[in-house]
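**Student:** The following block contains the structure, expressed as structure tokens.
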Amino acid sequence: MGASSSSDHGPTQSPEQQEEESLAASTGSLPYLRTSFSKLSSPDSTTIPLSSLQEALSISISNFKSESELLHVPEKFSELLSHLGSCITSLFFKTTNEGMTWVDFLRGFNRCSVTAPVSQSLNIHYQLFSAMCHEAGIDTKLEFDLGEDGTGKVTGSLVPTQLVMFLWMCWVLMYSARVPGQLKDKKGILVLPDVSHLCNSALVSSGLVGDDGDILKVDFSADDKEIPVQKLQSWVLSTVVGISHSLSQYMQQKIQSCAASEENAGESASSSDSITENYDTNLLTRGRAWAVSLSLRGASRDQLMNASFIGMDNDDLLYRSSLHGKGLSRFWSNVEGYNGPILFLISASLSNSSDAFGCCAGKEKNYVYCHLHPTVRVYQANPKPIGLAFGGSLGNERISLDEDFAKVVVRHHAVDKTYQPGPLFPSQGFLPSEAEIFEVEVWGLGGESAKRQQDVFKKRENIFTEQRRKVDLKTFGNWEDSPEKMMMDMVSDPNRVRREDR
């Protein structure tokens, strides 16, 4: 491969080159870009052939299946992803007959990776998706009037099938950026997360589906509904803003992989060639983990994002009602001492519904209420309710569970700092809705440090418990000092005057 670098492009650097290198340095990828340019460039020139860059930015995954049996992978989805590398190159990288220069290479990378307003990043994702659909023979109604930086206007609409493929495209980009090698199941197939709940949320937000029982009957393979891009943009900004970073993460990972040696790349790909298949036994499915991660920041987001790729580590499961037993006391015995964020999932069903949806606002301090029976029973004029609750206010909680984790009550709330206003499940109405709880699942998102602290806390509590259980037999074994002897003496001669021992 060529041995060119940024220092070989002339004795002096142009202002444009300095600006592009400064932008690339802000992402931390400038050293990788220099190494990648040297490896991809031709031996007899200082430019990159178009075919080399297309191959470096391509995805080699072709077999997919959906996590949900009700959501099938479109036939052309694999073909759509096969055009990823060529579409990225043609849209964002400028080439000449001689090839791609160092400045053009930097400029194309910066267009995809430099931090930009979310609306601009989404426009670039729409533009990439539209180009891939065109190459795969899929008709879209998206029209673009964009500048090189992604500013401009996007008009048109997407049908539900295209929305599903767009979300899966973003997930595959994140998957390729975060998972070393290519993790597949035992049959060599990559499992795509269930995004039906995200599509339902987008349809409701766009006003195409009523907020009632009809939301559960949406056929995503039908093309009878068109989601305007403007309404879809508003939904993404308020619900799943994290997908706007998928292309940036993908580009940075691809450049780093290209810069790495072939030996290291081979080791990372062979370090783990299969994924766990226990994701379907938990309430926290890959689709739910990915949806929640898109609205979070920090370590919790990264942990849930990885869970959508390879499944959640069972060591992070703090409580499951079917495993540890139902009830508030069993819940606290497993969760107490965990000083970190947790994810609480409830599976419940009304007489006419089994699904729930909602969105955590995340902008104010969340309200969580929990109250157990006191150790010493005392009279209370206004006793507090026993149970666990989230959102709302005391006495008017948004979601409340009883002491036995048998029933959950969901209330309508006009002003709630924990959850966004509106219903939390189809056809909720304004009256409190009660449902039977099937399963409760709690996952710890505090990492290894929070788990270690909880283990230390539990060990200390076990020591105190064992100390309280021990009985001093010497004290209770002395007959002269026992209460029974004193009572016997009083019964035998109640008028007997006993001199106090001094």
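**Student:** Right, THR95: hydroxyl-bearing (Ser, Thr, Tyr), farther than 20 Å from TRP290 by Cβ and in contact (Cβ under 8 Å) with a residue 40 or more places away in the chain or not?
**Tutor:** yes
**Student:** Let me ask another. So, of the residues in the stretch 428-481 that are at pLDDT 80 or above and among the aromatic types (Phe, Trp, Tyr), which turns out to be surrounded by the most Cβ atoms within 10 Å (Cβ to Cβ)?
**Tutor:** Of everything passing the filter in the stretch 428-481, TRP443 is surrounded by the most Cβ atoms within 10 Å (Cβ to Cβ).
**Student:** Does ASP139 satisfy being within 24 Å of ARG107 (Cβ to Cβ) and modelled with pLDDT under 95? Let's see the steps before the verdict.
**Tutor:** Details: within 24 Å of ARG107 (Cβ to Cβ): no; modelled with pLDDT under 95: yes.
Against the criterion (within 24 Å of ARG107 (Cβ to Cβ) and modelled with pLDDT under 95), ASP139 does not qualify.
Results for (1) over 30 Å from LYS459 (Cα atoms); (2) at pLDDT below 75; (3) more than 27 Å from the chain's Cα centre (by Cα), shown as yes or no for each residue.
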{"site": "LEU323", "(1), (2), (3)": "no, no, no"}
{"site": "LYS326", "(1), (2), (3)": "no, no, no"}
{"site": "ALA348", "(1), (2), (3)": "yes, no, no"}
{"site": "ASN352", "(1), (2), (3)": "yes, yes, yes"}
{"site": "CYS360", "(1), (2), (3)": "yes, yes, no"}
{"site": "CYS370", "(1), (2), (3)": "no, yes, no"}
{"site": "GLY387", "(1), (2), (3)": "no, no, yes"}
{"site": "PHE390", "(1), (2), (3)": "no, no, no"}
{"site": "VAL410", "(1), (2), (3)": "yes, no, no"}
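**Student:** Do you know which residues across the stretch 113-157 are closer than 21 Å to MET251 by Cα, buried (at least 16 other Cβ atoms within 10 Å of the Cβ) and touching a Pro at 6+ places or on another chain (Cβ under 9 Å)?
**Tutor:** Matches in the stretch 113-157: GLY150 only.
**Student:** Test LEU167 against the stated conditions and say whether it is modelled with pLDDT of 90 or more and crowded, with 20+ Cβ neighbours inside 10 Å.
**Tutor:** So LEU167 passes the test.
**Student:** Filter the stretch 20-68 down to the residues that are of a type in the set (S, T, N, Q) and assigned to a helix (DSSP H, G or I), then identify the one that is nearest to ILE189 (Cα to Cα). It would help to see each step written out before you state the result.
**Tutor:** Taking the stretch 20-68 first, the residues of a type in the set (S, T, N, Q) are 22, 26-27, 29, 35-36, 38, 41-42, 45-47, 51-52, 54, 58, 60, 62-63, 66, 68.
Of the ones still in play, those that are also assigned to a helix (DSSP H, G or I) are 22, 26, 35-36, 38, 51-52, 54.
Numbers: SER22: 40, SER26: 36, THR35: 32, SER36: 30, SER38: 34, SER51: 27, SER52: 27, GLN54: 24 Å.
The selected residue is GLN54.
**Student:** Still on this structure, please answer the following. Suppose we filter the stretch 69-105 for residues that are in contact with a Ser or Thr (Cβ under 8 Å, 6 or more places away or on another chain), in a loop (DSSP other than H, G, I, E, B) and modelled with pLDDT of 85 or more; how many remain?
**Tutor:** Count: 5.
**Student:** Next question. Scan the stretch 307-329 for residues that are touching a helix residue (DSSP H, G or I) at 6+ places or on another chain (Cβ under 6 Å) and either in contact (Cβ under 8 Å) with a residue 12 or more places away in the chain or more than 25 Å from SER449 (Cβ to Cβ) (or both) and jot them down.
**Tutor:** Initial filter on the stretch 307-329 (touching a helix residue (DSSP H, G or I) at 6+ places or on another chain (Cβ under 6 Å)): 307-309, 311, 318-319, 324.
Matches in the stretch 307-329: ALA307, SER308, PHE309, GLY311, LEU318, TYR319.
**Student:** Separate question: If only one of SER86, SER66 is buried (at least 17 other Cβ atoms within 10 Å of the Cβ) and under 24 Å from PHE144 (Cβ atoms), which one is it?
**Tutor:** On the way: SER66 fails: under 24 Å from PHE144 (Cβ atoms).
Answer to the selection: SER86.
**Student:** What's the total number of residues in the stretch 108-158 that are assigned to a helix (DSSP H, G or I) and among the β-branched types (Val, Ile, Thr)?
**Tutor:** So the answer is 2.
**Student:** Another one. State whether one or more residues within the stretch 46-56 are free of Cβ contacts under 8 Å to residues at least 24 places away in the same chain and over 30 Å from ASN200 (Cβ atoms).
**Tutor:** Kept after step one, since they are free of Cβ contacts under 8 Å to residues at least 24 places away in the same chain, are these residues of the stretch 46-56: 51-52.
Pick out the ones that are also over 30 Å from ASN200 (Cβ atoms) and you get 51-52.
Among the residues of the stretch 46-56, at least one is free of Cβ contacts under 8 Å to residues at least 24 places away in the same chain and over 30 Å from ASN200 (Cβ atoms), which makes the answer yes.
The values are calculated or read from the model by the stated rules, or taken from the named source; none is laboratory data. Small disclaimer: the values here were computed from a predicted structure and weren't measured. Don't worry about glycine lacking a Cβ; one is built from the backbone with ideal geometry, like all the others, and counts go over all protein chains shown.
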